[in-house]
Amino acid sequence: MAILVMGKMKNLIVLTSLILLSGADMNVCLSASVRVKDISKLAGVVEVRLIGYGLVVGLDRTGDSQSSLFTNQSLANMLERFGIAVDGTKVRSRNVAAVMVTADVPPFSLTGNRFDVTVSSLGDSKSLSGGILLQTTLSDLAGQLWAIATGPVAIGGFSIQTEGMSIQENHPVVGRIPGGGVLRKDLARGLPEINRLTFSLDNGDFTTVRNMADAINISYDEVIAIPIDGKTVTIDVPAIHATPSKIVNFIATIENVEFVADISAKVVINERTGTIVIGNNVSLSPVAICHGSLSITIKSAPVISQALAFAPGGKTVTDKVQEITVEQRDTGVVAMPGAATVGEIASLLNRLGVNPREIIAIFQALKQAGALQAELVII
């Protein structure tokens, strides 16, 4: 897969595994084999997603304001548990923020195992920097209690506001607590079935499923893997491996079987960042492109007008004069023969000398004209 990084530079930079490759070398790299565990998951082995509501305290006046009624009520309820009666409508603390706590607990986790949790502001807090999450219960969607979370919140950023100016780094109202969650009871242990395993691909593809099943069968010199559809492969575990003591070794061996995964031809465009990712097998039919652009630049230059000497009531006045520059650039008609590799496509597009917005428009036009032999995805 190649990435065309579109920044302020006019030209396209092709990055493939951080190494500039020629078209031929690039195809070799894109055909590299993958392991079963890299692109599929064993069915029945899933993580548990938990959620909870809690309070973060110790903030430096960056917590929720009085208008966040649920925060004030939660703070009053918490204090009441310690024998302190407080009217929730009169709470004035800005050092507390109401948060939602979420976590994904890995499968087969046992009581006492720790895991990371994510803390997200629920009210109008400005920042969770320096805050500590009070003990919070975590439950699944059915309301079953699974874990407890607490600890200092790390946000990896900051937000500073003063005299109408503000500076912000990253997102200060979402943070993580490494190891902040503690499991209170065991998750399901053991595999749901040991006589038959089912692997599901992350991205369904009939060719990839067939290649995966063939590679497994060749590894064991017998037909034990059967592709069911474009996403699923079932494996009949040989009797010698279908025991609790040997099934783990069998799964580990299957996960490391290598094969060639087929990749659909796609061009993915991120309009916000100007990034274009071109997948394998992308090609262009012969086409001619005529592209021009109009650039308008408006500059504001200060002009100072000073009063005459000794003039009564005279004063110096500062004004601004605007300068407008219009530049017309026309690339003419560029004939593009059929391009078979990412390197050739990048070389052809470089001849146009276009910016990110223009390259996105060109790809859209190529798709509409039927010249782009790939799926165009805009995110």
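The values are calculated or read from the model by the stated rules, or taken from the named source; none is laboratory data. Small disclaimer: the values here were computed from a predicted structure and weren't measured. Counting neighbours? That spans all protein chains shown, and the Cβs are built from the backbone with ideal geometry, glycine included.
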Please name all residue pairs, on different chains or six or more residues apart, with Cβ atoms under 9 Å, provided the first residue is in segment 237-248 and is without any contact (Cβ under 8 Å) to a residue 12 or more places away in the chain and the second residue is basic (Lys, Arg). 240/246
Find the residue count for segment 39-68, including only residues that are aromatic (Phe, Trp, Tyr) and assigned to a loop (DSSP other than H, G, I, E, B). 0
Residue pairs qualifying under the 8 Å Cβ cut-off, at least six apart or on distinct chains, with the first in segment 187-211 being among the β-branched types (Val, Ile, Thr) and the second being in a helix (DSSP H, G or I), are 194/247; 208/39
Only residues that are under 30 Å from residue 41 (Cβ atoms), part of a loop (DSSP other than H, G, I, E, B) and acidic (Asp, Glu): list them for segment 256-290, please. 262
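Out of all the residues in segment 216-228, is one or more touching a residue at least 60 places away in the same chain (Cβ under 8 Å) and touching a helix residue (DSSP H, G or I) at 6+ places or on another chain (Cβ under 8 Å)? I'd like the intermediate steps shown before the answer.
Start the filter on segment 216-228 by keeping residues that are touching a residue at least 60 places away in the same chain (Cβ under 8 Å), which leaves 216.
Filter once more, keeping what is touching a helix residue (DSSP H, G or I) at 6+ places or on another chain (Cβ under 8 Å): 216.
Yes, segment 216-228 contains a residue that is touching a residue at least 60 places away in the same chain (Cβ under 8 Å) and touching a helix residue (DSSP H, G or I) at 6+ places or on another chain (Cβ under 8 Å).
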Restricting attention to segment 104-154, which residues are in contact with a helix residue (DSSP H, G or I) (Cβ under 8 Å, 6 or more places away or on another chain), modelled with pLDDT of 90 or more and outside any strand (DSSP E or B)? 122
Of all the residues that make up segment 35-48, how many are surrounded by 13 or more Cβ atoms within 10 Å (Cβ to Cβ) and at pLDDT 90 or above? 8
Any chance residue 46 is farther than 30 Å from residue 253 by Cβ and out of contact with any Cys (no Cβ under 8 Å at 6 or more places or on another chain): no
Let me confirm something: among 54, 88, which residue is in the same structural domain as residue 177 (by TED's automatic domain parsing), surrounded by 14 or more Cβ atoms within 10 Å (Cβ to Cβ) and at pLDDT 90 or above? 54
Residues (in a strand (DSSP E or B) and over 30 Å from the mean Cα position of the chain (by Cα)) located in segment 217-235: 225, 226, 227, 234, 235
Is there a residue in segment 225-245 that is loosely packed, with under 14 Cβ neighbours inside 10 Å, of a type in the set (S, T, N, Q), over 19 Å from residue 368 (Cα atoms) and modelled with pLDDT under 80? no
Quick check, is residue 64 buried (at least 17 other Cβ atoms within 10 Å of the Cβ), modelled with pLDDT of 85 or more and either within 28 Å of residue 104 (Cα to Cα) or out of contact with any strand residue (DSSP E or B) (no Cβ under 6 Å at 6 or more places or on another chain) (or both)? yes
Please state which of the following conditions residue 101 fails to meet, knowing it meets all the rest: (1) β-branched (Val, Ile, Thr); (2) at pLDDT below 95; (3) buried (at least 21 other Cβ atoms within 10 Å of the Cβ). (2)
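Each row is one residue, and each column tells you yes or no for (1) hydrophobic (A, V, I, L, M, F, W, C); (2) touching a residue at least 40 places away in the same chain (Cβ under 8 Å).
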position	(1), (2)
45	yes, yes
59	yes, yes
68	no, yes
76	yes, no
91	yes, no
